[in-house]
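The values are calculated or read from the model by the stated rules, or taken from the named source; none is laboratory data. Since we're looking at a predicted model, the values are computed, not measured. Cβ sites come from the backbone with ideal geometry, for glycine too, and all protein chains shown count toward neighbours. Heavy atoms of the whole protein, side chains included, go into the accessibility calculation; ligands, DNA and RNA do not. Shrake-Rupley method; radii C 1.70, N 1.55, O 1.52, S 1.80 Å.
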Amino acid sequence: MDTPFRSPPRGLGPAIVAAGAVVHLSFLFQVFTVKSAAGLLLPLVVLAPWLFLLVSIHLAKNRLLAEYISLIATAFYLVFGAWAFWDTIYVHPDPQGGLVFLVIPVAASIAALALLLALLLTKSTSTVPAGHRQ
């Protein structure tokens with residue numbers, strides 16, 4: 001007997017996004033302090049992919065495969081980004097290591113924007129609820 005996939009819990013996506021943003025910003029603020037208005041740019045760069053992923057999770061609602069893809073992408077970025085930041089700060093410290101706080105979020109933003117675009121292009125325009133289609 002096949003077991004159908006169930007939708008993930010509604011609050012799971014925003015919870016992963018919030019946890020990821022806090023973890024990534026905590027790594028950033030271990031090595032960076034905001035000393036001017038221009039210094040706010042780097043934290044905003046670190047937060048940008050999380051904003052795009054949150055919008056992607058919102059657009060994926062009621063589309064089972066899209067929900068899972070969005071959640072997996074978000075969880076992957078949380079783990080990969082945290083590992084990259086941790087590795088740069090504690091395992092392989094380097095004078096140019098701070099660039100990881102620019103390169104990783106920019107690359108993740110590009111990937112998150114691609115996911116967002118794919119979700120926008122595949123969004124159904126039907127107003128009939130999914131359970132009532134014939």
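Going by the structure shown, is Ala82 open to solvent by less than 70 Å² (accessible area, probe 1.4 Å), part of a helix (DSSP H, G or I) and closer than 30 Å to Ser124 by Cα?
No: the conditions fail for Ala82.
Name every residue in region 31-71 that is surrounded by fewer than 17 Cβ atoms within 10 Å (Cβ to Cβ) and of a type in the set (Phe, Trp, Tyr), in order of residue number.
Selection gives Phe32, Tyr68.
Assuming Pro93 fulfils every condition listed in (1) touching a residue at least 40 places away in the same chain (Cβ under 8 Å); (2) assigned to a loop (DSSP other than H, G, I, E, B) apart from one, which condition is it?
Here Pro93 meets the rest and fails (1).
When you go through Ile104, Ile57, Ile16, Ile72 one by one, which is the residue that is farther than 27 Å from Pro4 by Cβ and either in contact (Cβ under 8 Å) with a residue 12 or more places away in the chain or assigned to a helix (DSSP H, G or I) (or both)?
The unique qualifying residue is Ile104.
Name every residue in region 1-30 that is surrounded by fewer than 15 Cβ atoms within 10 Å (Cβ to Cβ) and touching a Pro at 6+ places or on another chain (Cβ under 9 Å), in order of residue number.
Ala15, Phe29
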